[in-house]
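Okay, so here's the structure we're looking at.
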């Protein structure tokens, strides 16, 4: 009878220890979830490939083809569920037109850094203060108008 009583006490203590361990793990898990939620507020947004016609004196001179990648802080947006890609595309169009308003003689490497700074500035004006943390051009090419027609109508091998 004493042996049965001791086994029962051991069972109760084991179960109590298991419950305490589970509660401790849940507490640590919820603290990690809160920490990871704060880390996940920064989201990387990549836009679709887009083309912007460059117009000089009323004529299309060529097209700038681009794809933008940006780090966005969702906590600083006025609506955290907002799709940021259209705002980035609009800002990229505006920055491209502003930078190349007199046409494109040739693109230099510092042109890209100036355009990305303009994109971040324009996007932040619409999205909120410092919501767009960084902007990178994954793709940025200029295609003259006559090359576009050659590429469109060229026969595939």
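All of the numbers you see were taken from the coordinates with simple rules; none came from a lab. Keep in mind that what you see is a predicted model, and the values were worked out from it rather than measured. Neighbour counts run over all protein chains shown; Cβ positions are idealised from the backbone, glycine included.
If we sort 41-54, 123-136, 86-99 on the protection proxy, mean other Cβ atoms within 10 Å, highest first, what's the order? Each step should come with its number before you reach the end.
On the way: 41-54: 14.5, 123-136: 17.4, 86-99: 19.3.
Those peptides, ordered most packed to least, come out 86-99, 123-136, 41-54.
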Calculated diffusion of region 69-142, Stokes-Einstein form, Kirkwood radius summed over Cα pairs, 4 °C and 1.567 mPa s, µm²/s = 102 µm²/s
task = Please work out the Cα convex hull volume for region 46-111 and give it in Å³ per residue.
result = 107 Å³
